[in-house]
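Reviewing the structure listed below.
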């Protein structure tokens, strides 16, 4: 009996153990199902969870609010796409007669910032916005536009709607834009009231996809210079570069005609350029020449464009009076044994033009221009550029130093301002100082760690302010912004208004230059200035002409040129006798402290400069320039 009892006891224990194991397994399975279901529910209904909590009678108002966010986000994405990734464009820089490219390409009345261009003084520059920069500008755009969402129609039906100041953070993904809005929204109708501060909206957009592909195309172009390679072929097909022809008559080309032929050739041939993908069909196998492989296939359209009205630079050597000329060989004395004549020519070109690259899919589009440049008949070798804007914003992604920034005017009144942080060549957008608990304009946020970085504050109507952060221990910064005052401006000499003058105002290494009388207004802030004036008058100083020889290294024709051989070509530049019809006749320099009270109480700034007399020879002109450095000015605020 005892043995039977023990056997039954062991059997019960075994069964209980099996049931415990099975029970635990069932519990784990149920928990896993709940977790998976929760994850699926979150991703399926993300963006609508808040709406589900809204009373039914208030749903229409909130639906309109979210549709307003959706619409304004798409509007911002359209602007970013049209303007090369910018809503607020970089400062405009004009071109010059030497290099006709400004910092923007005018396309149908829209200024599109170049991602790569050559400035008016010949410096290579880049303006590539980072995705973080695009998100920051979209944040600011939405913060302004969301405030304009119009609830008038609902309020006429009896709804009471209150909204606070929005704070927006966007994330540009490949196929959508995630919009996170922190804004107090209160909706009341009858006895029902609902409020919320956090709102999330996923807006379908290809902006991120377009931007990523645009960067790949751009980086591939920088590495391979495929646009320049096509440009060299266009140059050799449509312009005289090098060659020889049988004949005893000189060959002559008109430079303006050559320029016109090249412009027409660019407009016709640039659109043939393609990126490897499935958005086109090649009519002929030889058209594969125009297909560029960037390492992946494009499933969106990519268009390359040049318009004849856009700027184009072309210089060619040797040329004289707008003519290219090649004389025959064989007519000269001692060459009669050849029995024939031939004309050989070799011309050297500098050739640069803009190309607009457009990515498109249905109604969405992203575009950016670059300047393609050919020097001395060859693609430009160096594509290193100055002023890389936000190309590598890695520093901005590591904000781990909490700081407090206050911004005031000189009377310690709060001034809301935009705050950036600059460390070496990288500038990070931080945020804005806004009214705090005590009425101060304050920003409490995280900054990148950087010794000797600069906090930069900007506010409309105030001078830009930089504050040096010398230590990582520093966590509170107070920036005093100086208000700008606009004044009428006049320059006098011997008590009379001058015909022409150039005036510079230098303060803290920042200089403003006024060309008078074309400019008769100036904006100043309080502070210590160095003021310098050059007064000009009509003159008739004779400058003797001169001749100088200019030489260029050009690639040699034939096999030698293929292996990098070059030849030096020289020609003479003649500077004829000239008459200086405008010369310095007065001026001076003055250290002057401008007080805030002077700016507040004045409408006009008058600067009186001494007269030196009109120079009659070059030596007099040099004396007058020296006098500017030692003469004093009279500065009056009235």
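Scanning the stretch 96-109 for residues that are within 29 Å of residue 208 (Cα to Cα) and in contact with a strand residue (DSSP E or B) (Cβ under 9 Å, 6 or more places away or on another chain) turns up 101, 102, 103, 104, 105, 106, 107.
For the stretch 433-462, what are the residues that are in a loop (DSSP other than H, G, I, E, B) and either modelled with pLDDT of 90 or more or exposed (fewer than 15 other Cβ atoms within 10 Å of the Cβ) (or both)?
Initially, the stretch 433-462 is screened for residues in a loop (DSSP other than H, G, I, E, B), giving 433, 436-440, 449-452, 459-461.
Matches in the stretch 433-462: 433, 436, 437, 438, 439, 449, 451, 452, 459, 460, 461.
Checking the condition in a strand (DSSP E or B) and not assigned by TED's automatic domain parsing to the domain that holds residue 167, which residue from 267, 245, 223 passes? The unique qualifying residue is 245.
Kindly indicate which of 554, 535 is over 19 Å from residue 638 (Cα atoms), surrounded by 14 or more Cβ atoms within 10 Å (Cβ to Cβ) and at pLDDT 80 or above.
Numbers: 554 fails: at pLDDT 80 or above.
Matching residue, one of 554, 535: 535.
Under the condition of being in contact with a strand residue (DSSP E or B) (Cβ under 8 Å, 6 or more places away or on another chain) and modelled with pLDDT under 75, the residues counted in the stretch 309-337 number 4.
The number of residues in the stretch 409-427 being in contact (Cβ under 8 Å) with a residue 60 or more places away in the chain and buried (at least 18 other Cβ atoms within 10 Å of the Cβ) comes to 2.
Considering each residue of the stretch 38-52 in turn, at least one proves to be in contact with a helix residue (DSSP H, G or I) (Cβ under 7 Å, 6 or more places away or on another chain), surrounded by 11 or more Cβ atoms within 10 Å (Cβ to Cβ) and at pLDDT below 55.
Of all residues in the stretch 561-584, those satisfying the criterion of being in contact with a helix residue (DSSP H, G or I) (Cβ under 9 Å, 6 or more places away or on another chain) and either surrounded by fewer than 17 Cβ atoms within 10 Å (Cβ to Cβ) or at pLDDT 90 or above (or both) are 565, 566, 567, 580. Is it the case, given these coordinates, that residue 170 is part of a strand (DSSP E or B), in contact with a strand residue (DSSP E or B) (Cβ under 8 Å, 6 or more places away or on another chain) and under 26 Å from residue 85 (Cβ atoms)? Yes.
Looking only at the stretch 270-293, which residues are part of a loop (DSSP other than H, G, I, E, B), closer than 20 Å to residue 223 by Cβ and in contact with a strand residue (DSSP E or B) (Cβ under 6 Å, 6 or more places away or on another chain)? Give the steps one after another, and end with the answer.
Start the filter on the stretch 270-293 by keeping residues that are part of a loop (DSSP other than H, G, I, E, B), which leaves 273, 276, 278-284, 293.
With the extra rule that they be closer than 20 Å to residue 223 by Cβ, the set shrinks to 273, 276, 293.
Answer for the stretch 270-293, where residues must be part of a loop (DSSP other than H, G, I, E, B), closer than 20 Å to residue 223 by Cβ and in contact with a strand residue (DSSP E or B) (Cβ under 6 Å, 6 or more places away or on another chain): 273, 276.
If you go through the stretch 482-517 one residue at a time, how many are out of contact with any strand residue (DSSP E or B) (no Cβ under 9 Å at 6 or more places or on another chain) and either over 30 Å from residue 416 (Cα atoms) or outside any strand (DSSP E or B) (or both)? Spell out how you get there, then give the answer.
Within the stretch 482-517, the first condition is being out of contact with any strand residue (DSSP E or B) (no Cβ under 9 Å at 6 or more places or on another chain), and the residues that meet it are 496, 509-510.
Okay, now just the ones that are also either over 30 Å from residue 416 (Cα atoms) or outside any strand (DSSP E or B) (or both), so 496, 509.
The qualifying residues number 2.
Taking the stretch 76-135 as the region of interest, the strands (runs of 3 or more DSSP E) fully inside it that hold 1 or more residues being touching a helix residue (DSSP H, G or I) at 6+ places or on another chain (Cβ under 8 Å) and in contact (Cβ under 8 Å) with a residue 24 or more places away in the chain are 110-113, 116-118. Is at least one residue of the stretch 169-186 more than 30 Å from residue 378 (Cβ to Cβ), touching a residue at least 60 places away in the same chain (Cβ under 8 Å), assigned by TED's automatic domain parsing to the domain that holds residue 136 and surrounded by fewer than 15 Cβ atoms within 10 Å (Cβ to Cβ)? The answer is no; no qualifying residue exists.
The values are calculated or read from the model by the stated rules, or taken from the named source; none is laboratory data. Keep in mind that what you see is a predicted model, and the values were worked out from it rather than measured. Glycine gets a Cβ as well: all are built from the backbone with ideal geometry, and neighbour counts include every protein chain shown.
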